[in-house]
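Read the structure below first, then the notes.
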Amino acid sequence: MEADELDALRFADPADRRAGLPALRPPDGGTNWWLGVVQHVTLGATGPGTPEAERRAWAELALEALETALETGGLDAREGATREARLCLALAPADRPRSLRPDQVARRCLTLAGISPAEVAATPWSLRAEDVPVMRKLRRVRILVVPALELAEQVEDEELRGELAEWRDIAPTLP
């Protein structure tokens, strides 16, 4: 990964960014390569040394990188959703691209969790029982629900706020 090439991509139009990201990928560039790209451009969007005037361009490139990584199989949907949530949390509303809205990001996280708070509450598990499959499932749920909860204060949709309130009571019980 060449940081200079990524830096230049942030000024490109969306179609060129979309084509440029896969073109930078080396033949053996897998998940770790995509994670490096996402980390680099996210730092550009959120880093303390980034001039305010450049944050939005970096944030747009970060979203393009996440979307492209998902489309190419470089990252899975859960990883993409949690990174989107962290990006949304880190950016001031004025610096966020239009497609990075707390309601959409939180909803995506909860949808990918694939289970309701009531179902989680009804799922028996115990550390002592060493029920590894159940614990892994609930841990995957926690990894998605916690970033959604962190966005709760910024969520506008009342129905989604209600769902997040239910999760707020259940999340601390997750492994």
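Computed values, structure above
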{"item": "Residue among Gly29, His40, Ser116 farthest towards the positive dipole end of the chain, charges placed on Cβ", "result": "Ser116"}
{"item": "Helix-only mean residue ellipticity at 222 nm for the chain, each DSSP H run of n ≥ 4 adding -39500 (n - 2.57), per residue, nearest 500", "result": "-21000 deg cm²/dmol"}
{"item": "Student exercise, the stretch 16-121 dipole from Lys, Arg, Asp, Glu Cβ charges, in Debye to nearest 20", "result": "180 debye"}
{"item": "Whole-percent pair-distance distribution, where bins are 10 Å wide, for the alpha carbons of the stretch 4-108", "result": "16, 52, 30, 3"}
{"item": "Coarse-grained scattering of the stretch 101-175 at q = 0.13 Å⁻¹, given as base-10 log I(q)/I(0) from a Debye sum over alpha-carbon atoms", "result": "-0.36"}
{"item": "Cleavage-rule hits (chymotrypsin sites (Phe, Trp or Tyr not before Pro)) in the stretch 1-71: DSSP loop, at most 15 neighbouring Cβ within 10 angstrom", "result": "Phe11"}
{"item": "Long-range tail of P(r) for the stretch 128-171 (Cα pairs > 12 Å, %)", "result": "63 percent"}
{"item": "Cα radius of gyration and Dmax for the chain (Å)", "result": "17.8, 54"}
{"item": "Normalised per residue, the volume of the convex hull around the Cα set of the stretch 84-126 (Å³)", "result": "88 Å³"}
{"item": "Cα-derived Rg over Rh, computed across the stretch 46-138 with Rh taken as Kirkwood radius", "result": "1.11"}
{"item": "Exposed-loop-free span, longest in the chain, where trypsin sites (Lys or Arg not before Pro) count as exposed if DSSP calls them loop and at most 10 other C-beta atoms lie within 10 Å", "result": "1-97"}
{"item": "GNM flexibility winner over the chain from Asp103, Asp16, Asp95 (Cα, springs under 10 Å)", "result": "Asp16"}
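None of the figures in this text is laboratory data; all of them are computed from the coordinates on show. Because the structure is predicted, anything quoted here is derived from the model rather than measured. Counting neighbours? That spans all protein chains shown, and the Cβs are built from the backbone with ideal geometry, glycine included.
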